[in-house]
Amino acid sequence: MSAETLLSVGIDLGTTTTQLVFSRLTVRNEGSAFSVPNYTVAAREVLRRSAVHFTPLRSERELDAEAIARIVDAEYAAAGIDRRAVQTGAVIITGETARRENARAVLEALSGYAGDFVVATAGPALESALAGRGAGAADYAQAHACTVVNLDIGGGTTNIARFTNGALTDTACLNVGGRLVKLEPDGRVTYVSPVLQPFVPYAPSDRLTPQDLAPTVALLTEILEEALGFRPVQDEARLRFFVTDRLPGPAPGAVYSFSGGVADLMEDRPRDPFAYGDLGVLLGRAVAKSAVGPRIPARETIRATVIGAGCHATELSGSTVYFDRIAFPLKNLPVAALTPEEEHLPPAELAETVRARLAVFADGPAVLALQGRRDLHFAALSALADGLAGGLRGRDGPVLVAVAADVGKALGQALAVRLPGVPLLCLDGVQLPPGSYLDVAAPIANGQVLPVVIKTLVF
């Protein structure tokens, strides 16, 4: 059975630490000789893990872009990898780092440092999923036919991902982390996160003891318990700690795993409470005694997100895709998703709906996503192509369509007849939620499949 490999990099710019992971992804056709090819990422091998670096800052409001670039350059050199050899992966910016004034500019600069097709991305849903996969929660849930909820507790945020039988079923993000307060070794406060300020009686320059900080640590631990349904929400004011707009709530029968830097501090052993200049040690001890459980050990802790970015960000399209005159890679394509009801409209009404849906993306290309059509016999496919072509005709740039069903080649050919000479890409086998973004790499497997990354960009 033939296989192809992709060199992947994951770069994680976190509130506290910056890390890189280089991986080799093996793509293999798992279909039989008598069926449509079914390409999957059959194996993921970590080639090198970087050192764990503190994320360089110029100030509390700005990242040190030059220092970050030096870290990335040095780790590429240490790995002996030419950045031009990297084919896929992800740059993930997480926690309070995503709120720095120059976060977007730093991400854009890093995408150039990391090869021709590396995603510059942020967003709590993607970060939660990647951390959960990197921690091994998805694999455990699949192997044991159960539900696993992973809490990735970092410096600024806690990313929560729920996996049932291996499939991602929910994500959430909280403003709970070890670096919401920064301190000198003598207990002098140097920083209090704006999220936390309304709830604490101290400010920068105050000198505190671990006992003084106990109520703050208890508050953050209770927020975790409330979010997961282990205690009722005591005060609506605490909802400001929720980055996402709802509570994940209880998961009956689930087991829980912990990753992130704070997970390494949950062990009950003697340690200077201010060893890392923040709440991390105290928060780790408190979370270890919390009501969240029963628990299983995570496969990765502090490296879970970067392992997820390097090994699990890339997906594959279906193997019946169509493309013509497309310049790969494609990056940061916004998704305009039709509802299943809209996909069944008559051609004239569908064309009007498509034009209206794409009108908000007049300044650049967008992916028109269809999720509901799976009954595409010839007549239905022809009617769908008529409606889509009517709405897509006359747009500047390439025509980009994604369908969930394995009909990308047939639909693409039908659109090509109706839109002659127009650059066209028709993907299949991908689910694109509204509000998401898509990156598409150059084709592999003799042009039969395209590596894709589905993401969110949130600042």
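The values are calculated or read from the model by the stated rules, or taken from the named source; none is laboratory data. On a predicted model such as this, the values are computed, not experimentally measured, just so you know. Here the Cβ positions follow ideal geometry from the backbone for every residue, glycine too, while neighbour counts run over all protein chains shown. Protein only, heavy atoms only, side chains kept; ligands, DNA and RNA dropped before computing areas. Shrake-Rupley method; radii C 1.70, N 1.55, O 1.52, S 1.80 Å.
So if each residue of separation counts as 0.36 nm, and I subtract the Cα-Cα distance between A3 and R269, what length gain in nm does that give?
91.1 nm
Relative to the longest principal axis of the chain, what angle (0 to 90°, nearest 10) does the C-alpha long axis of helix 378-392 take?
70 degrees
R44 versus D235, label points 7 Å from Cα toward the beta carbon: distance in nm?
Each label point lies 7 Å from its Cα, and together they span 4.0 nm.
What 222 nm value per residue comes from the helices of the chain, counting each DSSP H run with n ≥ 4 as -39,500 (n - 2.57) and dividing by all residues, nearest 500 deg cm²/dmol?
Taken over the chain, the calculation gives -8000 deg cm²/dmol.
On the protein heavy atoms, probe 1.4 angstrom, tell me the percent of accessible surface of the stretch 280-427 carried by carbon and sulfur.
With neighbouring chains kept in place, the figure for the stretch 280-427 is 56 percent.
Enumerate the amide H contacts of V27 below 5 Å, restricted to partners 5 or more residues apart or on another chain; note that Pro and chain-start residues carry no placed amide H.
E4, T5, L6, A42
State the antiparallel share, in %, of DSSP beta bridges confined to the chain, rounding to the nearest 5.
Of the beta bridges lying entirely in the chain, close to 70 percent run antiparallel.
Return the long-range amide H neighbours of R48 (sequence gap of 5 or more, or a different chain), with a cut-off of under 5 Å between placed amide H atoms.
Those lying under 5 Å, H to H, from R48 are F22.
If you count only protein heavy atoms with a 1.4 Å probe, what accessible area per residue comes out for the stretch 1-97, rounded to a whole Å²?
Result: 46 Å² of accessible area for each residue.
For the chain, build the charge dipole from Cβ charges (+1 Lys, Arg; -1 Asp, Glu) around the Cα centre, then report which of V292, N102, V449 sits farthest towards its positive end.
Of the options given, the answer is V449.
Can you work out ³J(HN,Hα) from phi for every residue in the stretch 54-66, in order, using Karplus 6.51 cos²θ - 1.76 cosθ + 1.60 and θ = phi - 60°, giving whole Hz and x for Gly and Pro?
Ordered by residue, 3J(HN,Hα) equals 5, 5, x, 10, 7, 7, 5, 10, 9, 6, 8, 4, 5 Hz.
What is the angle, in °, between the Cα long axis of helix 347-358 and the longest principal axis of the Cα atoms in the chain? Nearest 10 is fine, range 0 to 90.
Between helix and principal axis, roughly 30 degrees.
Suppose all protein chains stay in the model; what accessible area per residue would a 1.4 Å probe give for the stretch 348-431, in Å²?
43 Å²
In nanometres, what is the gap between the two model label sites at A380 and E101, each 7 Å from Cα along Cα-to-Cβ?
5.5 nm
Antiparallel as a % of all DSSP beta bridges within the stretch 306-459, to the nearest 5?
Here the antiparallel bridges make up roughly 50 percent for the stretch 306-459.
What do you get for the angle between helix 103-113 and the principal long axis of the chain? Use alpha-carbon atoms, 0 to 90 degrees, nearest ten.
Roughly 60 degrees between the two axes.
How big is the chain on each of its three principal axes, counting only the C-alpha atoms and giving the largest first in Å?
73, 50, 44
Report, by chain and number, residues whose modeled amide H sits under 5 Å from the one on F328, excluding near sequence neighbours (fewer than 5 apart, same chain).
Those lying under 5 Å, H to H, from F328: there are none.
Quick one: of the DSSP bridges fully inside the stretch 66-189, what percent are antiparallel, nearest 5?
Counting only bridges with both partners in the stretch 66-189, antiparallel ones make up about 85 percent.
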